[in-house]
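Peer 1: One structure coming up, written as structure tokens, with questions to follow.
No value in this document is a laboratory result; all are computed from the given coordinates. The model shown is predicted, which means the values in this text are computed figures rather than measured ones. Glycine gets a Cβ as well: all are built from the backbone with ideal geometry, and neighbour counts include every protein chain shown.
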Amino acid sequence: MRESVILILFYLVIVVVLSILIRHKSKSQNQQYDEMQLKNRAEAYKRAFFTMIVLLVGIIVFDTCSPLDLPQYALSGILIIVVMLSFLVFATYSIWNDAFFYIGQNWKGYFSVCIAVGLVQCIDFVSTLIRYFNGKEYAQNVWHLIISKASTSCVMTLTFFTLAVVILVKQLRENRISEE
Amino acid sequence: MKNLRLKSARAAKDLSQDDLARICEVSRQTISAIEKGDYNPTIKLCIAICKALDKTLDELFWE
């Protein structure tokens, strides 16, 4: 109980610090999107929002109608998958429509971050599988491994590597387009 | 529909899409999309482009 309260407080502190940092950053830096980018970002947000709604409704329908009960620990893993897939929809749409980076922003920073996070998650995924196959953990409960641990790191790996690939392909395509 | 008048006016001024984008404070892709007819700019951006190219709205955007 006490650990849960500490976790919630820790989460609230992170949210407050992040919101202060974002507000401070947006004031100090000249991050601006032009009108076409804003229009495309709005479309990207809309698509991500509806993706999230569809996935959540799917989970609710499954949970309500299926005779199988979702294990208690599964919910957080599934919700992470929903969030990451929605984020992927937003990011992919906005990158492909030139609305992800603000004017003059360097794409290489984002690309490096995507590769780094993807690698970390990939290592986590592989180590989870190795621990399972060595029989050290989760020997009693394979579902816990699949739904909660492995699926989360797997979907994070896929999300960030996909983003890196989309950024790279888009930039290569941009570089190839020459003005007539 | 492609906006060839914008493209030729830009070329006449010897400006690249990047140059025009920088003057109008938009991205190069936005200028490219306007020239290709993929995006309808707001009147604010139309005026900024006209000023940058020393043209009137009629000359660049009226069909």
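Peer 1: Could you list A:52, B:1 so that the one with the fewest beta carbons within 10 Å of its beta carbon is first and the one with the most is last? Walk me through the numbers before you get to the answer.
Peer 2: Working: A:52 17, B:1 6.
In order of increasing Cβ crowding within 10 Å: B:1, A:52.
Peer 1: Which whole-number percentage describes the relative contact order of the range A:34-179, with Cα contacts under 8 Å and a sequence gap of 6 or more?
Peer 2: Relative CO of the range A:34-179 lands at 32 percent.
Peer 1: Let me ask you something else. Tell me which of A:119, A:51, A:74 sits at the most positive position along the dipole axis of chain A, charges placed on C-beta atoms (Lys, Arg +1; Asp, Glu -1).
Peer 2: A:119
Peer 1: What distance in nm lies between label points placed 7 Å from Cα along the C-beta direction at residue B:63 and residue A:113?
Peer 2: Here the answer is 4.2 nm between the modelled labels.
Peer 1: Just for the Cα atoms in the protein assembly as shown, what are the lengths along the principal axes, largest first, rounded to whole Å?
Peer 2: The Cα atoms of the protein assembly as shown stretch 75, 38, 35 Å along their principal axes.
Peer 1: Still on this structure: List the lysines whose alpha-carbon lies under 24 Å from that of residue B:55, not counting same-chain residues fewer than 8 positions away?
Peer 2: Partners within reach: B:2, B:7, B:13, B:36, B:44.
Peer 1: Rank these for me by crowding, A:148, A:66, going from fewest to most other beta carbons within 10 Å.
Peer 2: Final ranking by Cβ density, sparse to dense: A:66, A:148.
Peer 1: Any idea what the dipole of the protein assembly as shown comes to, in debye rounded to 20, about its Cα centre with Lys/Arg Cβ at +1 and Asp/Glu Cβ at -1? Don't skip to the end; give the middle numbers.
Peer 2: Numbers: 26 positive and 22 negative charges, 69 e Å.
Using Cβ point charges on Lys, Arg, Asp and Glu, the protein assembly as shown gives about 340 debye.
Peer 1: While we're here: Return, for the Cα atoms of chain B, the radius of gyration and Dmax in Å, separated by a comma.
Peer 2: Both quantities, over Cα of chain B: 10.1, 26 Å.
Peer 1: Quick one: Cα centre-to-centre distance for the range A:33-101 and chain B, in angstrom?
Peer 2: 35
Peer 1: What ranking of A:162, A:92, A:64 emerges when the number of other C-beta atoms within 10 Å of each C-beta is taken as an exposure proxy, fewest first?
Peer 2: Listing A:162, A:92, A:64 from fewest to most nearby Cβ atoms yields A:64, A:162, A:92.
Peer 1: If you fit an axis through the alpha-carbon atoms of helix A:151-176 and take the longest principal axis of the Cα set of chain A, what angle between them do you get, 0 to 90°, nearest 10?
Peer 2: Long axis of A:151-176 versus the principal axis of chain A: about 20 degrees.
Peer 1: Using 7 Å Cα-to-Cβ label points, what is the residue A:68/residue A:177 separation (nm, one decimal)?
Peer 2: 4.4
Peer 1: Taking Cα atoms, how many degrees apart are the long axis of helix A:107-133 and the longest axis of chain A, rounded to 10 and kept between 0 and 90?
Peer 2: 10
Peer 1: Could you work out the relative contact order of chain B, using alpha carbon pairs under 8 angstrom and six or more residues apart, expressed as a whole percent?
Peer 2: On the way: 55 pairs, mean separation 24.3, N = 63.
Computed value for chain B: 38 percent relative contact order.
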